[in-house]
1. For N286, are the conditions met, namely being surrounded by fewer than 16 Cβ atoms within 10 Å (Cβ to Cβ), touching a residue at least 24 places away in the same chain (Cβ under 8 Å) and not assigned by TED's automatic domain parsing to the domain that holds A105?
2. Residues to consider are S190, S236; find the one that is closer than 27 Å to A93 by Cβ, surrounded by fewer than 22 Cβ atoms within 10 Å (Cβ to Cβ) and of a type in the set (S, T, N, Q).
3. For K126, state whether it is touching a helix residue (DSSP H, G or I) at 6+ places or on another chain (Cβ under 7 Å), assigned to a helix (DSSP H, G or I) and more than 27 Å from L222 (Cβ to Cβ).
4. All but one of (1) in a loop (DSSP other than H, G, I, E, B); (2) under 30 Å from Q289 (Cα atoms); (3) charged (D, E, K, R) hold for K168; which doesn't?
5. Working carefully through the options A184, A217, A226, find the one that is in the same structural domain as R61 (by TED's automatic domain parsing) and in a helix (DSSP H, G or I).
6. Select from the range 126-155 the residues that are modelled with pLDDT of 95 or more and among the small types (G, A, S) and write down the one among them that is farthest from the chain's Cα centre (by Cα).
7. Being farther than 13 Å from I181 by Cα and crowded, with 21+ Cβ neighbours inside 10 Å is the filter here, so list the residues in the range 47-74 that pass it.
8. Could you tell me how many of the residues in the range 202-228 are surrounded by fewer than 19 Cβ atoms within 10 Å (Cβ to Cβ), in contact (Cβ under 8 Å) with a residue 12 or more places away in the chain and more than 16 Å from the chain's Cα centre (by Cα)?
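The values are calculated or read from the model by the stated rules, or taken from the named source; none is laboratory data. Predicted model, so just to flag it, every value in this text is computed and none were measured. Cβ placement follows ideal geometry from the backbone for every residue including glycine, while neighbour counts extend to all protein chains displayed.
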Amino acid sequence: MDLSLSDPSLLKTGALVDGAWIDADDGARLPVSNPATGETVAEVAKVGAAETRRAVEAAERAMVDWRRRPAKERAKLLRAWYDALMANQEDLARIMTAEQGKVLAESRGEIAYGASYIEWFGEQAKRIDGDILPGPAPDKRILCLREPVGVVAAITPWNFPNAMIARKAAPALAAGCTVVIKPASETPLSALAMAELALRAGIPAGAINVVAGSSSAIGGELTANATVRKLTFTGSTPVGKTLVEQCAKTLKRTSMELGGNAPFIVFDDADLDAAVAGAMASKYRNSGQTCVCTNRFLVQAGIH
């Protein structure tokens, strides 16, 4: 499928492990389809537990250097990543629309939205503080420092394939952590393009790794591997429960964004024209696929 990209090299089809684009050990490929036409956009490496384990090991090695870099330097590199994303906004939007199905205008908006997380958290890197507390004796003080938690695993959904990665990876990198990203199998191309731009921006090899493929194999390795110290997931409540259960065995920290409930409430004194317009915008935004798209209407009795 011809995406008419200004920079065709952004269409990556390997997994990113330790700064290198690799194929699956068994050569397996994962087809990525345009949901509007069913046409195959590309085929990416379909990796499993072994490749994921190597990605985690690469992230652990990279963190030795990354965590020691001054916050100002990490912020500078995150800013360079932001600039690279915005400079390639149109190509990234075309890739997103081809694999995810949202209209180009929404894809362009998501690229800017996702990049804003990287911009913001990059600046916050310089504001990670500590504290000095009174000690038990007059000549003693307690020094409290913030330390990066460790290798972070991020499992992201298909409805916002750029912004959800940015929202998870940016704060981790800003804090001195390294990341292994498992994008949704339906939308891996956006993640791979983002990672390519991170490398171009100067973020070191191994600080960002991307593995697409078998959800059970990759997820199982990420939750079981003791090197991974935190897992963040956006998706369904049942899957989130399973991941938390699996993470408990190695006492990982978790951040879960699960499900969604979005009532649309119309009171008697509402401007009905505005309410209808708002309901349509909410219900059909992103093809109706967000956690805050209206899933029920509550209308006061005076109207209905």
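1. On the way: surrounded by fewer than 16 Cβ atoms within 10 Å (Cβ to Cβ): no; touching a residue at least 24 places away in the same chain (Cβ under 8 Å): yes; not assigned by TED's automatic domain parsing to the domain that holds A105: yes.
Against the criterion (surrounded by fewer than 16 Cβ atoms within 10 Å (Cβ to Cβ), touching a residue at least 24 places away in the same chain (Cβ under 8 Å) and not assigned by TED's automatic domain parsing to the domain that holds A105), N286 does not qualify.
2. Values: S190 fails: surrounded by fewer than 22 Cβ atoms within 10 Å (Cβ to Cβ).
Result of the check over S190, S236: S236.
3. Details: touching a helix residue (DSSP H, G or I) at 6+ places or on another chain (Cβ under 7 Å): yes; assigned to a helix (DSSP H, G or I): yes; more than 27 Å from L222 (Cβ to Cβ): yes.
So K126 fits the description; yes.
4. Answer for K168: the failing condition is (1).
5. Details: A184 fails: in a helix (DSSP H, G or I); A226 fails: in a helix (DSSP H, G or I).
Residue meeting the stated conditions: A217.
6. Looking at the filtered set, the residue picked out is G150.
7. Listed by number, the residues that qualify are A62, M63, W66, R74.
8. Looking only at the range 202-228, we keep the residues that are surrounded by fewer than 19 Cβ atoms within 10 Å (Cβ to Cβ), and these are 202, 204-205, 215-217, 220, 224, 226-227.
Still in the list and also in contact (Cβ under 8 Å) with a residue 12 or more places away in the chain: 202, 204-205, 215, 217, 220, 224, 226-227.
The next check asks that each one be more than 16 Å from the chain's Cα centre (by Cα); those that pass are 202, 204-205, 217, 220, 224, 226-227.
So the count comes out to 8.
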